[in-house]
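The values are calculated or read from the model by the stated rules, or taken from the named source; none is laboratory data. Since the structure is predicted, the reported quantities are computational estimates derived from the model, not experimental observations. Cβ placement follows ideal geometry from the backbone for every residue including glycine, while neighbour counts extend to all protein chains displayed.
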Amino acid sequence: MERTHHNNQLTINEVGQTVTLIGWVSKRRNFGSLVFIDLRDREGITQLVFDETKAELIKNVRNEYILQVSGKVVERKSKNPNIKTGEIEINVESVEVINEANTTPLIIADETDALEETRMKYRYLDLRRPVMLNKIRTRHQITQVMRRYLDEIGCIEIETPILTKSTPEGARDFLVPSRVHPGEFYALPQSPQLFKQLLMISGFERYYQVARCFRDEDLRSDRQLDFTQVDIEFSFLNDVEIQTHIEEMMRRVMKEVLNYDLVTPFLRLTYKEAMNRYGSDKPDNRFGLELQDVTTIFENCEFEAFRSAETVKAIVVENQASMTRKEIDALTALAKKHGAKALTVLKMKETLEGSVLKFFNEEEIKHVISSLNLQENDLILMVADKWEKACDVLGALRSHLGKTLKLYDEKAFSYLWVVDFPLLEYSEEDGRYYAKHHPFTSPKKEEIELLDTNPKTVNANAYDLVLNGYELGGGSLRIYNQNLQKKMFEILGFSESEIQERFGFFVDAFQYGTPPHGGIALGLDRVAMLLTHSDSIRDVIAFPKNASSKDPMCEAPSPVEPSQLDELNIAIDIKKN
RNA sequence: GGUCCGGUGGUGUAGCGGUUAACAUGCCUCCCUGUCACGGAGGAGAUCGCGGGUUCGAUUCCCGUCCGGACCGCCA
C-alpha cells in the first residue's frame, strides 16, 4: 500500500501534482453532488473533494472508514487557516475503501464529550483522537531526548529483572507465584534500586534504564500500579554533579520538545525551608502565598491552643477578607481533612477581626499585624500544631488557594530541587524508625556520628526534583561502606538474620570494592503529564488502569482457570469481611 | 479502609413526587456545488445503574448495593 504524502504535508507548492493519500474519514460534508471529506492520519488532515462524477464512489462511506485516494492537488477556492493543509485540497480521481467502520461510541475529535469511563473502555478509539495521539508522541520525544543525553554522557542502558525478590520496606509488592517452586513467589520490582547499585559494584560506572516499576497501592491521578521511571545511577559523582546532569537533561527536554528555555542551575531549597515556606516537600513556587511563622508572638498568650503549640503558622491571602462563611467552612474542612484540629481565621478590615482575638492583648494583635504586614482586606489563616502538621495543613490550603484563585500561570514551568531530607522518620505507631528515602541512602558525612546519639536529626544526601508542585523524582548518594550500611539496617530494626534473608546478596556484594555512587529516578509519566499540560498521568499512558486498579478495556484483573491455579499449587480462599 | 461528587437514548447533559422524560451531538432517510463544528426537512433511538422501602403514584424522596471520579489514609 503506497502513499505519496502524509495528510499534513501538502501545501500550495504541490499544486498540480497527483498524489495518493491514506487515512480515516474524519468528517464528511455532503452537498449532494459535491462532497468534502476530511481525511485524517496520524500527522494531520487533508480535505478531499468529490465532484458530481465521483460522489457516487463514496456514497456509502461513513466516519472512520479507511480510504486510499488518488487525485490532483488543487488550490482551494476558500482557504482554511486552521489546518496546515488549508490552502489546498485533493480533487479525487480514484478511491479504494480499505476498511469499513461501525459508528464509534465516542467522537474522534480533540474535544470529545465522552467521560473517562467511556474513553478507557474504548481506549484504542480515544487514542485515535489527535490530542491523545500527540500526547503519547510527546512522551516518546521526551524519552528520546533523555536517551540521547544519557547515552552522550556515557550511561549504559541495562535491563534488570521484572521477576525478582520481594522487598520488605516501602510499598506493597505485586507477587507472582512460582510454578517450579510451590509456595514461593517472585515480586515485581518497585524500582530497580538494588540492581542498579549492584551494577555500580560491577563497574559499569554509569547506567540508565527506562524501567517499569510496580507498586500495589491505591491509585491517584498521578499514580498508577505500573509506571515508568527513568532510572539513573553514577559512580564517582557527588550529589551536585549528579543534579547538574539531570538539569542539563531536563533543559534539553524542555528545549527540544517544547522549545522552552530553562535556566540552570535550578533553585535549591532544603527540606526545612520548603516546609517552612511552602508547607510541602514538593512546593509549587510559581506563586507566593508563603507560610509565615508566628509562634513566638503567641508564646505567652491567653489562647491555650496557640500558647502550647509547637508551631503556629499563618498564610495571608490578599483581598480575600470578603470570603463567605461557606467558602471559609470549605477551607476549614480541607484543613481538617489534612489532620488539623482547627483552622483559625482572621480578617483584616478596618481593624483585625476574628473570634479568637478576645484571647489576645493589644500588644499581641499589633505584633501580628506588623509581623504579617497585614493590609486591608487580607484574609489570614492560621494553624497551631506540631511543626510538620502545621506546615502540612497550611501547605494544602496554600496549593488549594493557588489553584482556585488562579495565582499562577498554568503554562509556566518551575523546576527546583529539595535537598537535605531527614534520613529517618520515626513511627510512633510501630515504635521504630523508617528510612525516609530508602535504607541505602547515605547520611550527611558530617552527621554520621549523630546516628548513635540522635538519629532523628541526621540529614540525608537525598534530593528530589520538583516541577510545579509535583515530585518528578528522587535520588540520593548511596551508602558504600558496608559497616555504615549494617548500622542503617540496625537502626531500622532489622535483626542479623533478617538482613541476611532480605538483603544478604546485597550486603555481601559490598565487600568486594564498592565505588561511591548515587543516582536518581524520574517518573516519566509525571514528566509527560506536566509537559503536555494533562490533568492525569492516565492521559500519557497508552493503556492505563482506572482509579479502582482495573483496566476497563481488557478487564484485568480477572479470574483464572482452575487448572492454572492447580499448576501453581494455589488454592483460593477469599476472606470476606 | 474513609470522605465527598456523580450514574437519564450511541455520546454528553437538563429535568422533576404525576412530563408524550427535554436539549446538544452522533446515527438513518431526503434536499443542497464551496463546506471545513456546513445548512435545511423528517425519522429511529432511554424499562432514568441495580435491589428494597415510603407513597394512590418514584427517574425524582429514603436505605442498601454496584460502577465511575476527586481527595484522605496508603504510596521507603
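Okay, here's what the table says:
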{"read-out": "Per-region count, segment A:411-459, residues more than 28 Å from the chain's Cα centre (by Cα), touching a residue at least 40 places away in the same chain (Cβ under 8 Å) and either surrounded by 20 or more Cβ atoms within 10 Å (Cβ to Cβ) or not in a strand (DSSP E or B) (or both)", "value": "1"}
{"read-out": "Identity of the residue in segment A:542-557, small (Gly, Ala, Ser) and in a loop (DSSP other than H, G, I, E, B), that ends up surrounded by the fewest Cβ atoms within 10 Å (Cβ to Cβ)", "value": "A:SER548"}
{"read-out": "Residues located in segment A:253-288, provided they are surrounded by fewer than 16 Cβ atoms within 10 Å (Cβ to Cβ), among the polar types (S, T, N, Q) and assigned to a loop (DSSP other than H, G, I, E, B)", "value": "A:ASN259, A:THR264"}
{"read-out": "Any chance A:ALA396 is within 16 Å of RNA strand B (Cβ to nearest atom), over 30 Å from A:PHE503 (Cα atoms), over 23 Å from the mean Cα position of the chain (by Cα) and aliphatic (A, V, I, L, M)", "value": "no"}
{"read-out": "Criterion violated by A:MET250 - all others in (1) among the hydrophobic types (A, V, I, L, M, F, W, C); (2) touching a Lys or Arg at 6+ places or on another chain (Cβ under 7 Å); (3) part of a helix (DSSP H, G or I) satisfied", "value": "(2)"}
{"read-out": "Count of residues meeting criterion [within 16 Å of RNA strand B (Cβ to nearest atom), within 17 Å of A:LYS196 (Cβ to Cβ) and of a type outside the set (S, T, N, Q)] in segment A:228-275", "value": "4"}
{"read-out": "First in segment A:26-42 and within 7 Å of RNA strand B (Cβ to nearest atom), second anywhere and among the hydroxyl-bearing types (Ser, Thr, Tyr), Cβ under 8 Å, 6 or more apart", "value": "A:ASP38/A:SER26; A:ASP38/A:THR46"}
{"read-out": "Hey, A:GLN500 more than 22 Å from A:TYR470 (Cα to Cα), of a type in the set (S, T, N, Q), at pLDDT 90 or above and in a helix (DSSP H, G or I) or not", "value": "no"}
{"read-out": "A:GLU43 vs. criteria in contact with a helix residue (DSSP H, G or I) (Cβ under 8 Å, 6 or more places away or on another chain) and modelled with pLDDT of 95 or more", "value": "no"}
{"read-out": "Index of the failed condition, A:GLU490 passing every other in (1) among the charged types (D, E, K, R); (2) modelled with pLDDT of 90 or more; (3) farther than 24 Å from A:LEU175 by Cβ", "value": "(2)"}
{"read-out": "Residue in segment A:231-242 that is aliphatic (A, V, I, L, M) and not in a helix (DSSP H, G or I) present", "value": "yes"}
{"read-out": "Subset of segment A:26-41 that is surrounded by 13 or more Cβ atoms within 10 Å (Cβ to Cβ) and charged (D, E, K, R) - its residue that is nearest to A:ARG3 (Cα to Cα)", "value": "A:ASP41"}
{"read-out": "Residue in segment A:197-217 that is under 17 Å from A:MET529 (Cα atoms), part of a loop (DSSP other than H, G, I, E, B), at pLDDT below 95 and within 10 Å of RNA strand B (Cβ to nearest atom) present", "value": "no"}
{"read-out": "Tally of residues being farther than 16 Å from A:GLU363 by Cβ and buried (at least 20 other Cβ atoms within 10 Å of the Cβ) across segment A:290-311", "value": "2"}
{"read-out": "Unique residue being part of a strand (DSSP E or B) and under 18 Å from A:LYS389 (Cβ atoms) when the list is A:ALA342, A:ALA314", "value": "A:ALA314"}
{"read-out": "Residue in segment A:98-117 that is within 11 Å of RNA strand B (Cβ to nearest atom) and closer than 30 Å to A:ILE232 by Cβ present", "value": "no"}
{"read-out": "Residue match in segment A:426-447 (condition: under 29 Å from A:THR296 (Cα atoms) and in contact with an Asp or Glu (Cβ under 9 Å, 6 or more places away or on another chain))", "value": "no"}
